[in-house]
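Scroll down for the structure; my scribbles are underneath it.
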Amino acid sequence: ASDLYHEIDGVRYWAAKWQERLEQAAIKRADKAYAPSRFVAEHYQSRYGIPVGVLRPPVGLEATPSADAQCGLPDRYFVHFGQLIRRKGTAWLGEPLIHAFELVPSIRMVWVGRGDFNELGKLLAGLGRHRSKVQVLYPLPKQELYAVLKRAEAAVLPSIVDNLPNTVIESLMLGLPVIGTR
């Protein structure tokens, strides 16, 4: 649902409105429309009156985890991974992380993924003296990413739009607890 993503990401350019209109027109004209979650299906029904079913993606790991993560990780850490953007909750992490770092100084975070360099830079700068407690790794091959996940204490995935992101599914399949949002 591009309109949801645009709202959360703060996208306000004219092409975004056309994208939303074209998406809605295509769904209305389809014989049958499916969404990857109840959240998105209910969004189309309540906002636009478009009946949309739910078809969940297949569940399975894309690769076997590497034996060891080769990226100089802390001994103990939480991980936030995937798209490092507002709709996935990355921007929301700033203030809670400062609070957590002050309460438990030994906490460390590892972020893995791609995001807007300027946004990430501002968010990390906002951590002040706690900046060194967050290690940012840019996208890793799945085998290496899964090795990072397997070593983590928990995944922190406060997605704002998705109700069951693939990152949550992958974490749970690897036995990693998830700290998420409603």
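Observations on the model:
- Amide hydrogen neighbours beyond the local backbone of ALA33, cut-off 5 Å, H modeled: GLY53
- Close amide H contacts of ILE179 (hydrogens built in the peptide plane, cut-off under 5 Å, sequence separation of 5 or more or a different chain): ALA155, VAL156, LEU157.
- Value of D in µm² per second that Stokes-Einstein yields for segment 134-176, Kirkwood Rh from Cα pairs, at 37 °C (0.692 mPa s): 291
- For segment 14-28, the Karplus equation 6.51 cos²θ - 1.76 cosθ + 1.60, evaluated at θ = phi - 60°, returns couplings of 4, 5, 5, 5, 5, 4, 4, 5, 5, 4, 5, 4, 5, 5, 4 Hz by residue, with Gly and Pro reported as x.
- Size descriptor for the chain, Kirkwood hydrodynamic radius: 18.0 Å (Cα pairs only, one decimal).
- With Rh defined as the Kirkwood radius, the inverse of the mean 1/r over Cα pairs, the Rg/Rh of segment 1-97 is 1.09.
- Over the chain, DSSP H runs of length four or greater, each weighted -39,500 (n - 2.57), average out per residue to a 222 nm ellipticity of -11500 deg cm²/dmol.
- The solvent-accessible area of SER46, taken with every protein chain present and a 1.4 Å probe, is close to 100 Å².
- The chain, relative contact order in percent, only Cα pairs under 8 angstrom and at least six apart counted: 24
- For segment 73-101 and segment 18-51, distance of Cα centres in Å: 31
- Which of TRP14, TRP92 is most accessible, then next, and so on - probe 1.4 Å: TRP14, TRP92
- The relative contact order of segment 8-73, computed from alpha carbon pairs under 8 Å that lie at least 6 residues apart in sequence, is 23 percent.
- Surface composition of the chain: carbon and sulfur make up 54 percent of the accessible area, probe 1.4 Å.
The values are calculated or read from the model by the stated rules, or taken from the named source; none is laboratory data. On a predicted model such as this, the values are computed, not experimentally measured, just so you know. In case anyone asks, the SASA skips ligands and DNA or RNA and just uses the protein heavy atoms, side chains included. Shrake-Rupley method; radii C 1.70, N 1.55, O 1.52, S 1.80 Å.
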